[in-house]
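None of the figures in this text is laboratory data; all of them are computed from the coordinates on show. None of these values were measured; they are calculated from a predicted model. We place every Cβ from the backbone using ideal geometry, glycine too, and count neighbours over all the protein chains shown.
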Amino acid sequence: MARAALSGRLSWQFGRVVELVEETARTKSLVLETPARQGHRAGQHVDVRLTAPDGYQAQRSYSIASGPEDEHLVLTVERLVDGEVSPYLVDELRPGDELELRGPIGGYFVWEAALVGPVLMVAGGSGVVPFRAMLRHGAALGSDVPMRLLYSSRALSDVIYGEELMRLAEREPVEVHLTLTREWPDDWAGPRGRIDGPLLDQVAWPPPQRPLIYICGPSGFVEAASQTLVQRGHDPSRIRTERFGPSGQ
Amino acid sequence: MEELDGNAIAGQLVEVFGRDMTRAHGACAHCGTESQLAELVVYPGGPGTVVRCRACGNVAFVFVTVRQTTCIDVAGFALDVIS
């Protein structure tokens with residue numbers, strides 16, 4: 001570890017699967033025990049590497065879903081239809097299996113309680129994963145920084161961490177807003193449809209309050225949300241974005 | 001083609017530069033737009049990873065990893081040197 005810290009290099013290490021939690025039909029959380037548990041910052045990710053018997057390797061990045069204070073490292077993975085790595089992680093992995101990991105990585109899409117301003121988190125689909133880490137971090141610290149999550153999901157059955165998000169929203173400074181884009185129950189009272197200007201106006205703090213804004217989701221979702229926020233007067237330098245590959249929101 | 005951003009290559013950048021580079025600033029050599037590496041457009045896959053300016057699409061840098069060796073060509077991006 002001392003060597004790794006000195007050189008600043010990342011080394012691959014094995015994590016052991018302690019538990020698998022089915023979040024939705026397409027999404028699982030991998031609860032991992034890692035040997036030298038470095039503290040991570042809320043919003044960071046790890047790289048996961050799979051090696052086939054013939055030596056072929058495939059590598060992907062996954063956001064860390066657990067808070068820095070949590071006992072285990074948790075990754076939440078959505079199975080992509082033509083995915084090379086995610087189908088294995090979601091369907092084949094079993095408790096006790098080992099997984100090659102590198103991280104934690106990233107210093108840009110990170111939230112720390114010392115950062116100034118209320119926090120708006122805008123999630124498309126499994127883009128909600130790093131926000132779970134941020135909300136858990138805020139809760140563990142008892143932080144009084146106001147945090148609002150605006151989460152866009154296709155249907156209620158696709159909502160990841162639904163019950164936990166509702167529990168996290170019981171804390172005074174936290175609000176969770178869910179919009180459903182394709183299907184909703186008959187009695188659904190919340191917003192319907194994709195995130196747009198009027199919905200952002202309703203949920204976001206006005207630009208003069210300079211909220212710190214994090215947007216995570218598929219590329220098209222992130223592009224649309226960030227452009228809409230900038231058009232509505234939010235300072236681009238207060239907006240941090242993270243995009244991932246094809247997925248629904 | 002899959003389109004990501006600089007966060008997706010943070011791990012590879014640590015391998016090359018020895019530290020997190022996602023917050024490093026630089027300017028596009030073509031249009032001059034300043035950005036942090038996390039904000040650049042990243043096209044992974046293929047024989048190498050291509051990184052482009054989000055404003056004008058100019059190729060900022062390209063990197064290719066073959067047998068544990070990464071070659072990085074930072075041809076179109078003036079990276080601020082940070083101590």
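How large is the convex hull of the Cα atoms of chain B per residue, expressed in Å³ as a whole number?
Numbers: hull volume 6.9 nm³, N = 83.
Looking at chain B, the number lands at 83 Å³ per residue.
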For this session: Give the angle, between 0 and 90 degrees and rounded to the nearest 10, that separates the Cα long axis of helix A:219-231 from the longest principal axis of the Cα atoms of chain A.
Result: 40 degrees
Exercise. Principal axis lengths of the range A:111-203 from Cα atoms, whole Å, largest first?
Worked result: 40, 26, 21
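Would you kindly calculate the mean projected area, averaged across all directions, of the convex hull enclosing the Cα atoms of chain A, in square nanometres? Could the numbers behind the result be given before it?
On the way: hull surface 56.6 nm².
Answer in nm², one decimal: 14.2.
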Seminar exercise, completed: Under 5 Å from the placed amide H of A:ASP97, counting only residues 5+ away or on other chains, we find A:VAL17
Problem set entry | the range A:10-70: C-alpha pair distances exceeding 16 Å, % | 55 percent
Exercise. Over all residues in B:15-21, what is the mean tally of Cβ atoms on other chains that come within 10 Å of each residue's Cβ?
Worked result: 4
For this session: Percent of Cα-Cα pairs per 5 Å bin, from 0 to the last occupied bin, for the range A:50-114, please list those.
Result: 3, 12, 22, 26, 17, 10, 6, 2, 1, 0
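Dipole size in debye (nearest 20) for chain A around its Cα centre, Lys and Arg Cβ +1, Asp and Glu Cβ -1?
Numbers: 26 positive and 33 negative charges, 164 e Å.
It comes to approximately 780 debye.
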Exercise. Which ³J(HN,Hα) values, rounded to whole Hz and listed in residue order, are derived for the range A:155-160 from phi using the Karplus coefficients 6.51, -1.76 and 1.60 in 6.51 cos²θ - 1.76 cosθ + 1.60 with θ = phi - 60°, glycine and proline given as x?
Worked result: 8, 4, 5, 9, 6, 8
For this session: Report, in cubic angstrom per residue, the convex hull volume of the C-alpha atoms of the range A:56-164.
Result: 140 Å³
Problem set entry | Over the protein assembly as shown: helical MRE at 222 nm, DSSP H runs n ≥ 4 each giving -39500 (n - 2.57), nearest 500 | -4500 deg cm²/dmol
Exercise. How big is the Cα convex hull of the range A:79-128 in projection, averaged over all directions, in nm²?
Worked result: 5.8 nm²
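Out of all DSSP beta bridges with both ends in chain A, state the antiparallel percent to the nearest 5.
Working: 29 of 54 bridges.
Percentage antiparallel, nearest 5: 55.
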Exercise. Once amide H atoms are built 1.01 Å from N in the peptide plane, which residues 5 or more positions from A:HIS45, or in another chain, come under 5 Å H to H?
Worked result: A:ILE64, A:ILE105
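Tell me, what is the FRET efficiency for B:GLN68 and A:GLU183 to the nearest 0.05, using R0 = 45 angstrom and their Cβ-Cβ distance as r?
Details: r = 47 Å, r/R0 = 1.04.
After rounding, the FRET efficiency stands at 0.45.
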Exercise. For the residue pair A:ALA113 and B:PHE17, what label-to-label distance in nm results when each label sits 7 Å from Cα along the Cα-to-beta-carbon direction?
Worked result: 3.0 nm
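Take every Cα pair under 8 Å in the range A:11-76 that's 6+ residues apart, average their separations, divide by the length, and report that relative contact order as a whole percent. Spell out each step's value before the answer.
On the way: 106 pairs, mean separation 19.6, N = 66.
Once divided by the residue count of the range A:11-76, the mean separation gives 30 percent.
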Problem set entry | Fluctuation leader among B:VAL14, B:VAL59, B:VAL50 - chain B, Gaussian network, Cα springs under 10 angstrom | B:VAL14
For this session: Once you have the Cα-Cα distance between A:GLU33 and A:ARG16, take 0.36 nm times their residue separation minus that, and quote the gain in nm to one decimal.
Result: 5.6 nm
Seminar exercise, completed: Rounded to one decimal in nm, the spacing of the 7 Å Cα→Cβ label points at B:ALA75 and A:GLU170 is 5.8 nm
For this session: Enter the Cα centre distance for the pair the range A:51-94 and the range A:184-249, rounded to the nearest angstrom.
Result: 26 Å
Seminar exercise, completed: Among the range A:14-39, those whose backbone N falls under 16 Å of a label point 7 Å along Cα→Cβ from A:ASP97 are A:14-23, A:26-33
Exercise. Given the range A:175-215, what whole percent of its Cα pairs are spread farther than 14 Å?
Worked result: 55 percent
